[in-house]
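Worksheet: one structure, shown below.
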Amino acid sequence: MATAIADRTQVPVGLIHVSLAVGGFAIGTTEFATMSLLPDLARDLRVDAPTAGHVISAYALGVVVGAPALAVLGATMARRTLLIVLMAMFAFGNAMSALAPSYGMMLLFRFLSGLPHGAYFGIATLVAASLVDQGRRTQAVARVLLGLTVATVVGVPVANLLGQSVGWRASFLVVAGLAALTATLVALFAPRDRADSSASPLRELTALRRPQVWLTLGIGAIGFGGLFAVYTYLADTMLAVTGVGPRTVPFALMLFGVGMTAGNLIVPKLADRALLPTAAGLLAWSAVSLALWPLAAPHLATVMVAMVAIGMGGSLGTVLQTRLMDVAGDAQGLAAALNHSAFNTANALGPWLGGLAIAAGYGWTSTGWVGAGLALGGLSMLAVSWGLERRG
């Protein structure tokens, strides 16, 4: 991948971080808002709701495939150039999603939209971290990922309202516009770095030979799955168990985003002092908050508190992003991008296991126990990683 920034540039570092975060806001908005737009999308494309849900799976598949592929293929490009290309791809995919004439074409365009997701976050966090001192890397990563968490608080509700008032296609057009804005901001403000002459796709692939890289990805893929086990079935649980109307659900989703945002503001400072202990503490926090979900679900007040607590566990992604920088060696680009493949794996694993528990008759709140088990699974993998590191 590109060399360290050749010119630290006279542009304030904060402005560069904000520019990169706008891309995270666009990605977070389209990733989470699509779930709330599914009923209208299904009706317009003339498919049933379960079939329409496959557009979310198509996007996730694009992330899993695109993150490693684009990181490897872009290994010889300057990071600034690669970020612009990735955002241009993202803008194109979302613009075409807004114009999709059929369900089949929608699946294709959502897959294309997902391709640059992981690579963008991976490279953007590397650029952000390269602009600060070693002891503030996690905080720099958090500023980029803050765009994603703020999207769950602001972007998703706005996209949902826009979809209800104008139509679901307008939401995808807005995301395409945000992506184009990000590409422009990166072109204007990101440091003009040079491509690393020694970089190559083969060198990036050396990350796959490192056990600590795989362990870190496993921590994310398993430990983060618990959060998605509860989040995916939140609306159904609140309707069936809490006994509220549909209009109350968005407030719970917003508080989940508030928790994620708060976590990304608080946790990185701790992680820059003690990375692995912070990761362990987050996984333990998630295990406890998810285990308490069955007790919280029957009461609206405790549901709201639980959403903030569970959302705070989402800052694990920021911590693991920095961990991958430490264990990836020269293959920084691929390892950083794979972090988002891992989290999309969690996005598939958690809802699948939660759905199995519900289908087996354990009830809507059983997703909390499933989530706690996954968080403990991630904690176990972290213990293995930590033990191997202590042995040298």
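The values are calculated or read from the model by the stated rules, or taken from the named source; none is laboratory data. Given the structure is predicted, the values throughout are model-derived calculations rather than measurements. No Cβ is skipped: glycine too gets one built from the backbone with ideal geometry, and neighbour counts run over all protein chains shown. Side chains are part of the model used for accessible areas, which takes the heavy atoms of the whole protein and leaves out ligands, DNA and RNA. Shrake-Rupley method; radii C 1.70, N 1.55, O 1.52, S 1.80 Å.
Observations on the model:
- Just one residue in the set L353, L324, L316, L374 is closer than 18 Å to A271 by Cα, modelled with pLDDT of 90 or more and among the aliphatic types (A, V, I, L, M); that residue is L316.
- V72 being more than 27 Å from A252 (Cβ to Cβ), open to solvent by 40 Å² or more (accessible area, probe 1.4 Å) and part of a helix (DSSP H, G or I): no
- When A176, A180 are checked against the criterion of being more than 20 Å from Q10 (Cα to Cα), open to solvent by 20 Å² or more (accessible area, probe 1.4 Å) and small (G, A, S), A180 stands alone in meeting it.
- Within region 261-281, if we keep just the residues that are open to solvent by 60 Å² or more (accessible area, probe 1.4 Å) and aliphatic (A, V, I, L, M), the residue that is nearest to the chain's Cα centre (by Cα) turns out to be L265.
- In the set (1) of a type outside the set (S, T, Y); (2) in a helix (DSSP H, G or I); (3) farther than 18 Å from E31 by Cβ, G257 fails one condition alone, (3).
- Yes/no for L283 being part of a helix (DSSP H, G or I) and within 25 Å of V63 (Cβ to Cβ): yes
- Residue, nearest to M87 (Cα to Cα), within region 183-213, restricted to residues that are open to solvent by less than 40 Å² (accessible area, probe 1.4 Å), modelled with pLDDT of 70 or more and assigned to a loop (DSSP other than H, G, I, E, B): A190
- Criterion (of a type in the set (S, T, N, Q) and over 24 Å from the mean Cα position of the chain (by Cα)) met by exactly one of Q139, Q164, Q134: Q164
- Residue count for region 230-260 under the criterion of being crowded, with 18+ Cβ neighbours inside 10 Å, farther than 21 Å from I219 by Cα and of a type in the set (S, T, Y): the result is 3.
- Helices (runs of 4 or more DSSP H) enclosed by region 287-392 - at least 1 residues per element that are more than 26 Å from Y59 (Cα to Cα): 293-296, 300-312, 316-327, 366-390
- Options R43, R110, R80: the member that is under 30 Å from L270 (Cα atoms) and either surrounded by fewer than 18 Cβ atoms within 10 Å (Cβ to Cβ) or not aromatic (F, W, Y) (or both): R80
- Note on region 356-392: residues that are free of Cβ contacts under 8 Å to residues at least 24 places away in the same chain and of a type in the set (F, W, Y) amount to 1.
- Of all residues in region 349-392, those being under 19 Å from A221 (Cα atoms) and among the aromatic types (F, W, Y) number 3.
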